[in-house]
Structure formats: structure tokens, C-alpha cells
Amino acid sequence: MDVGDYTQFQLLAVKIVGRRSSVVVDCVYRPPGEVTAPFIDQLTDMFDQLILLDRLFVTVGDFNDPGLFIGQLDRRATDAFTQHGLAFRPTSAATSWT
């Protein structure tokens, strides 16, 4: 499912259709590194596009958006969620193992 073309993160979006309703699930991966304005702009654009679909959607993924201190998230990234009325559940647990 096409919800935009983004260079700051990888995105896979699918629409799951049921008998009575459908949901869009989009998975995001952003490599570790400094949170940049282009990332925030593209994340905001992605949420705008998903909202325009006028369908239930769920966004999951690894955003790698560290804040200034250990255990903190970058406020610009969390604001992108809350400004769109979205809830987020951050984790400090490892999301990959080697």
C-alpha cells in the first residue's frame, strides 16, 4: 500500500481487509543516529497521509529516536505522534539480538 516515498526511514504498509472492516498496518525502521528535521518532517507527512486514508491504522517499528539523555526519547518525535492524536508505547528493551 502506498502512503508516500520516504528517504529517512524504511516503510512497509499493508491493508488488512476483513468482512466488516479493514486496518492499515505500517512498519517503520529508522537506522540509529541523530534525530534530524528531515526525519521529523517525513514522519509527520506519513501520519498525515495515513489520516487522509480515513481508515483505522496502526504504526509499529523501530524509530531509534534517542533524546538528549539515556532512556529519553527525542521530543520532536514524540510530538509528531501526539500532535496527530496518536498514542505510542516506547520501549528501552533491545529490539534485535545477535
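The values are calculated or read from the model by the stated rules, or taken from the named source; none is laboratory data. Only a predicted model underlies this, so the values are computations on that prediction, with no experimental measurement involved. Virtual Cβ from ideal backbone geometry, glycine too; neighbours counted across all protein chains shown.
Do we find a residue being out of contact with any Cys (no Cβ under 7 Å at 6 or more places or on another chain), at pLDDT below 95 and basic (Lys, Arg) anywhere in the range 46-59?
Within the range 46-59, one or more residues are out of contact with any Cys (no Cβ under 7 Å at 6 or more places or on another chain), at pLDDT below 95 and basic (Lys, Arg).
Could you grab the pairs with beta carbons closer than 8 Å, sequence gap of 6+ or different chains, first residue in the range 87-98 and closer than 20 Å to Phe47 by Cβ and assigned to a loop (DSSP other than H, G, I, E, B), second one at pLDDT 70 or above and not polar (S, T, N, Q)?
Sorted first by the residue in the range 87-98, then by its partner, the pairs are Ala87/Phe81; Phe88/Phe81; Pro90/Leu73.
Of all residues in the range 36-55, how many are exposed (fewer than 15 other Cβ atoms within 10 Å of the Cβ) and among the hydroxyl-bearing types (Ser, Thr, Tyr)?
1
Rundown of residues vs (1) without any contact (Cβ under 8 Å) to a residue 40 or more places away in the chain; (2) exposed (fewer than 14 other Cβ atoms within 10 Å of the Cβ); (3) not polar (S, T, N, Q), yes/no style:
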| site | (1), (2), (3) |
| --- | --- |
| Tyr6 | no, no, yes |
| Val17 | yes, yes, yes |
| Val24 | yes, no, yes |
| Arg30 | yes, no, yes |
| Phe57 | yes, no, yes |
| Ala80 | no, no, yes |
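If you go through the range 36-69 one residue at a time, how many are touching a helix residue (DSSP H, G or I) at 6+ places or on another chain (Cβ under 6 Å) and of a type in the set (Val, Ile, Thr)?
2
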